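First up is the structure itself, then whatever we jot down about it.
Every number here is computed from the coordinates shown, using simple stated rules; none is lab data. Just so it is clear, the structure is predicted and the values come from calculations on it, not from any experiment. No Cβ is skipped: glycine too gets one built from the backbone with ideal geometry, and neighbour counts run over all protein chains shown.
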Amino acid sequence: MFVTRRMKRNVATVSPSASLQEARRLMRGHNVRQLPVTVEDNKLTGILSDRDIREAMLPVGLLPGASEKEMEEMLANTPVEKVMTRKVVTATVTDSLVDAIVLLHDFRINALPVVDDNGRVAGIITRTDILKAFIEALGVGEISSRLEVLVPDVPGALVELVTIIKTFHVNITSILTTGTTEPEKRAVFFRLATLNVGPIRKAIQEAGYQILDPKDFWK
């Protein structure tokens, strides 16, 4: 899964010289919380968030007797470049969604501008965009059942499980594997396009595999 398939392409941007008042109007009009800040040829030079605007308003709001008019005047007279983040964490048009997830997690941010090889803004992707993509990829919301199987971490274990499921003429809508606390074991998460998962569960257990149950982790 690639960033370019999930990013928003029609991105609202703002110039460094625009006022915070204008930037806030853009955010509200486009229902976004981040605006890439661009210069000529749509090149990225910073990013502005609604949090940046709130923090810029805070000193005025703390003044005794400060009015809403004074705060609006401050926003109208403060350029974006004064409060924007200049060192922007970005994704590129060749990145995968996994790359984007790592960046969002490691830098504790909510959105990534996506840039091309020339540093021009090609789109923007948010945590919500990525979450939706993985929900779809995992088949959540479809008529399906989930099986979690503990397997030896050796070549061929997954093939044997798939072969067992195939005998029931059931589609596998998604597969996810992950390490476990048990040495030399992996957990395999299947989502199967059936509600009648009992016979499949039984066949997998008869083949010597352990079916994981949420109750196992509450002991």
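Take the Cβ-Cβ distance between Thr92 and Ala137 as r, set R0 to 22 Å, and report the resulting FRET efficiency rounded to the nearest 0.05.
0.55
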Worksheet item: Using the Cβ atoms and a cut-off under 14 Å, what net charge is assigned to the surroundings of Ala12, where Lys and Arg are +1 and Asp and Glu are -1?
Response: +4
Fill in: Sequence-separation-based contact order of the chain, relative, with Cα cut under 8 Å and 6+ spacing, percent
18
Worksheet entry | Acute angle (nearest 10 degrees) that the helix 20-30 long axis makes with the longest principal axis of the chain, alpha-carbon atoms | 40
Fill in: Angle in degrees between helix 157-166 and the longest Cα principal axis of the chain, rounded to the nearest 10
80
Worksheet item: Highest GNM mean-square fluctuation, the chain, Cα pairs closer than 10 Å: which of Asp99, Asp41, Asp50?
Response: Asp41
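Could you work out the local net charge near Asp52, counting Lys and Arg as +1, Asp and Glu as -1, over the other residues with Cβ closer than 13 Å to its Cβ?
My count for the surroundings of Asp52 gives +3.
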Fill in: Structure-based [θ]222 nm, the chain - -39500 (n - 2.57) summed over DSSP H runs of at least 4, per residue, nearest 500
-10500 deg cm²/dmol
Discussion item. Under 10 Å, Cα contacts only: if you run a Gaussian network model on the chain, which one of Gln205, Gln21, Gln34 comes out with the highest mean-square fluctuation?
Written reply: Gln205
Practice prompt. Quick one: Debye curve from the alpha-carbon atoms of the stretch 147-200 only, equal weights, vacuum; give me log10 I(q)/I(0) at q = 0.20, 0.29 Å⁻¹ to two decimals.
Written response: -0.71, -1.22
Worksheet item: Most mobile of Leu176, Leu20, Leu192 per a Gaussian network model of the chain (Cα springs, under 10 Å)?
Response: Leu176
Worksheet item: Just one of (1) 1.17; (2) 0.96; (3) 0.93 is Rg/Rh (Cα atoms, Kirkwood Rh) calculated from these coordinates, so which is it?
Response: (1)
Worksheet item: So, counting K/R as plus one and D/E as minus one, what does the shell of residues with Cβ under 13 Å around Leu75 add up to?
Response: -2
